[in-house]
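A quick write-up on the structure given underneath.
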Amino acid sequence: MVQKYQSPVRVYKHPFELVMAAYERRFPTCHLIPMFVASDVVNEDSSEDGSTHKVERRCALDVDAPRLLKRIAGVDYVYFIQRNTLNRKERTLHIESHNETFSNRVIIHETCCYSVHPENEDWTCFEQTASLDIKSFFGFESTVEKIAMKQYASSIKKGKEIIEFYLKELEDEGITHVPRWTPSSLPLPRPRPTSLSTSPPALPKLLATPAVTIPTPADAKNGAAQDASKDGSTVPPDSLTENQAGTPDDKLDADYIKRYLGDLTPLQESCLIRLRKWLQETHKGKIPKDEHILRFLRARDFNMDKAREILCQSLTWRKQHQVDYLLETWSSPQVLHDYYTGGWHHHDRDGRPLYILRLGQMDTKGLVRALGEESLLRHVLSINEEGLRRCEENTKVFGRPISCWTCLVDLEGLNMRHLWRPGVKALLRIIEVVEANYPETLGRLLILRAPRVFPVLWTLVSPFIDENTRKKFLIYAGNDYQGPGGLLDYIDKEIIPDFLGGDCMCEVPEGGLVPKSMYRTPEELENEDVRLWTETIYQSASIFKGAPHELLIEIIDASSVITWDFDVCKGDVVFNIYHSKRAPQPPRKEPLGAHGMTSPGGNNVQLIEKSWTLGQDYSMVESPLTCKEGESVQGSHITRWPGFYILQWKFHNMPACSATNLPRVDDVLATLQVSSHKCKVMYYTEVLGSEDFRGSMTSLESSHSGFSQLSAATTSSSQSQSSSMISR
């Protein structure tokens, strides 16, 4: 498996030329990098006007590997080739390096770039990417990979410190300015180390050598604004706290990550950047904020593939149920205001928003009988959405990253009534939905005054709670919360609620029994649950091998615009648009998909008759578009003729190898991941008159396809073609 690394943008608040002078002091060797033994210049070339300078070096590294591994490999040093291209005119330095030792067994490739800050020409930006591919290494592949990743992560952390060290050294020597290159100037002399002026050590004899360095995932965002703000720049402060969702050119700045997301290791930064870039490429215009992406990565221990899977499922869920607009559209019934014993209450000692739930005083049976399961779920979701908003506010107020909240649950009054089976069922469903879509939002759960019946409830609930979440639970029986290690360790005395012996008035309702006059019949509750659950503009469809899903749209006026917005929830599909002058027969629904699997809800409709011939009975009006699992696709088609248009989602068959006509190994493995040859899409379509059409993305505003609460901005596509527009 190829391990990849992508750094955030690191900013030096010094001119490019001065940073280059500091960079050159790292050679021929650097005492700040113990494993960097020596380097020799093997090739050097400059342009006639001195604007471009190319240097090729051969570097020796003393890898910190077990002695036994070095003896088995028969080497003492690892040799790398580094090629630097300095363009003084453009003010850039491009660095490329690869391993010379064991290059047939291990492939290490690294690229770095120093360039001028796009918003401040007196600052310098640095980025680097790297990859490690271990093909074979005497049976020690896993060991070599761990050693490489560990040492690479260590060298990344030191990188900026080393440049800052030599910048300080230059300053101590009175060198605070290096003139820029001009066409009339002579080539700048290559600065030499002052503190290391002794002759460079000879390169050790070349042997064969073990691989070194390289970690895992990531890709970038612009945090230059953060640096600018610290130095009095005019960048608006609001832009610092929110993701500028849009193009893959948006990059993350290292200082921004530290200020708004927290201290991450280089490999964790890399995972965040790479997952963010993937979302930018596949969910253009509506990616979640960095804090939200980071929560899913943390929930899966920064395994990017696993985090991407659950994040895509959550984004689809949010879109389908319009969760992004919940705070604006959801109005809690009066019975919740009166009898739901929960509410926000200041913050804890760490600055996290504090939510108080007096579960023991809540009539769970009465609430379920009066409202139904779905209304309770909607209310809990609105609480979580409010929690995300409060975390952002507290991050600004306290000046440090706050991405989760604290929940205080008072169980005084908990009894067997709370173990009513439908109530427990509703609670488990709420826990399941929250765990799947709001990971790592609970920083701490304080359970106070737990009665004897609590172990029974805990036994029922705990299996549905993630192990990492369970570790955040602190349980106090009786009045134990008043002693050492109790409530005062986590909440300031001034805000301890009055019902827990504090002096702060708490506005959380006291609860009580819901009057039976408010109870609704099972039929009414079922109808209400169905209404809330199906209240969405999106439709779902299953696609099977040999059984596409097709949607018929009749167009009366030519130049109408068909718009679409769909997510590929499972598998890979091919999207086609066809036109026919005659209407197909009434749609036939496939109750069974491939291998006899039931198609949920009968949502597999086929319109194109088997007797029809492409080019005669119907024609293709758009090139087929292959869409991968997890992608979100928006687009539009300007119709040329009236008639019947068919949107088709078809199972994507992997192409065979052209030479042997056999499937490739990677394709077979990918096919196996699609269970029973089944795909699933969630889609919305709309037909607009040409006079109402304002561009492919703008036309989809009515479909609520943007993640308004999770992304700070929604980009719109301005591309247009006479016949169609597709954006992915």
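The values are calculated or read from the model by the stated rules, or taken from the named source; none is laboratory data. Keep in mind that this is a model prediction, so the values were computed, not measured. We place every Cβ from the backbone using ideal geometry, glycine too, and count neighbours over all the protein chains shown. Surface accessibility is based on the protein's heavy atoms, side chains included, excluding ligands, DNA and RNA. Shrake-Rupley method; radii C 1.70, N 1.55, O 1.52, S 1.80 Å.
Brief remarks on what is shown
- Scanning the range 1-43 for residues that are more than 30 Å from ARG105 (Cβ to Cβ), out of contact with any helix residue (DSSP H, G or I) (no Cβ under 6 Å at 6 or more places or on another chain) and either at pLDDT below 90 or charged (D, E, K, R) (or both) yields LYS13, GLU17, GLU24, HIS31.
- For the range 248-296, filtered to residues that are more than 21 Å from PHE126 (Cβ to Cβ) and open to solvent by 20 Å² or more (accessible area, probe 1.4 Å), the residue that is modelled with the highest pLDDT is GLU291.
- Of everything in the range 108-140 that is open to solvent by less than 60 Å² (accessible area, probe 1.4 Å) and over 28 Å from GLU161 (Cβ atoms), the residue that is modelled with the lowest pLDDT is PHE137.
- Top-ranked residue in the range 451-499 [being of a type in the set (Lys, Arg) and farther than 25 Å from GLU440 by Cα; ranked as most open to solvent (accessible area, probe 1.4 Å)]: ARG452
- Failed criterion for SER382 (all others in (1) open to solvent by 30 Å² or more (accessible area, probe 1.4 Å); (2) under 24 Å from the mean Cα position of the chain (by Cα); (3) among the small types (Gly, Ala, Ser) hold): (1)
- Selected residue (criterion: surrounded by the fewest Cβ atoms within 10 Å (Cβ to Cβ)) from residues of the range 605-646 that are touching a His at 6+ places or on another chain (Cβ under 9 Å) and aliphatic (A, V, I, L, M): MET620
- Strands (runs of 3 or more DSSP E) within the range 1-60 that include 1 or more residues over 20 Å from GLU171 (Cβ atoms) and touching a strand residue (DSSP E or B) at 6+ places or on another chain (Cβ under 8 Å): 3-6, 36-46
- In this entry, ALA148 passes the filter for residues that are in contact with a strand residue (DSSP E or B) (Cβ under 7 Å, 6 or more places away or on another chain), closer than 21 Å to LYS4 by Cβ and in a helix (DSSP H, G or I).
- Residue list for the range 606-638, filter: more than 34 Å from the chain's Cα centre (by Cα) and either within 24 Å of LEU315 (Cα to Cα) or not in a loop (DSSP other than H, G, I, E, B) (or both): GLN606, LEU614, TYR618, SER619, MET620
- Filter result for THR282 (touching a strand residue (DSSP E or B) at 6+ places or on another chain (Cβ under 7 Å) and β-branched (Val, Ile, Thr)): yes
- Restricting the range 501-529 to residues that are touching a helix residue (DSSP H, G or I) at 6+ places or on another chain (Cβ under 6 Å) and not in a loop (DSSP other than H, G, I, E, B), the residue that is most open to solvent (accessible area, probe 1.4 Å): MET518
- Selection of the range 379-406 for residues being among the β-branched types (Val, Ile, Thr) and in contact with a helix residue (DSSP H, G or I) (Cβ under 9 Å, 6 or more places away or on another chain) yields VAL380, THR395, ILE402.
- ASP76 acidic (Asp, Glu) and in contact with a helix residue (DSSP H, G or I) (Cβ under 9 Å, 6 or more places away or on another chain): yes
- Top-ranked residue of the range 491-500 - restricted to ones that are assigned to a helix (DSSP H, G or I) and in contact with a Leu (Cβ under 8 Å, 6 or more places away or on another chain), ranked as farthest from HIS345 (Cα to Cα): LEU500
- With respect to the stated conditions, PRO204 is at pLDDT below 55, of a type outside the set (Gly, Ala, Ser) and either open to solvent by 50 Å² or more (accessible area, probe 1.4 Å) or over 30 Å from GLN268 (Cβ atoms) (or both).
- Any hit, the range 535-545, residues being touching a helix residue (DSSP H, G or I) at 6+ places or on another chain (Cβ under 7 Å), among the small types (Gly, Ala, Ser) and either open to solvent by less than 80 Å² (accessible area, probe 1.4 Å) or farther than 30 Å from GLY413 by Cβ (or both): yes
- Among the candidates SER382, SER332, SER375, the residue that is touching an Asp or Glu at 6+ places or on another chain (Cβ under 8 Å), under 27 Å from LYS516 (Cβ atoms) and among the hydroxyl-bearing types (Ser, Thr, Tyr) is uniquely SER375.
- When ILE175, ILE162 are checked against the criterion of being on the phi < 0 side of the Ramachandran plot, surrounded by fewer than 20 Cβ atoms within 10 Å (Cβ to Cβ), touching a Lys or Arg at 6+ places or on another chain (Cβ under 8 Å) and of a type in the set (A, V, I, L, M), a single residue qualifies: ILE162.
- Criterion: modelled with pLDDT of 90 or more, out of contact with any helix residue (DSSP H, G or I) (no Cβ under 6 Å at 6 or more places or on another chain) and acidic (Asp, Glu) - qualifying residue of GLU609, GLU554, GLU590: GLU554
- Count of the range 73-94 residues which are among the charged types (D, E, K, R) and either open to solvent by less than 40 Å² (accessible area, probe 1.4 Å) or outside any loop (DSSP other than H, G, I, E, B) (or both): 3
- For TYR476: the one exception among (1) touching an Asp or Glu at 6+ places or on another chain (Cβ under 8 Å); (2) over 30 Å from GLN334 (Cα atoms): (1)
Residue by residue, here is whether (1) open to solvent by 70 Å² or more (accessible area, probe 1.4 Å); (2) within 34 Å of the chain's Cα centre (by Cα) holds:
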{"site": "VAL41", "(1), (2)": "no, no"}
{"site": "LEU61", "(1), (2)": "no, no"}
{"site": "ARG71", "(1), (2)": "yes, no"}
{"site": "GLU96", "(1), (2)": "yes, yes"}
{"site": "ARG105", "(1), (2)": "no, yes"}
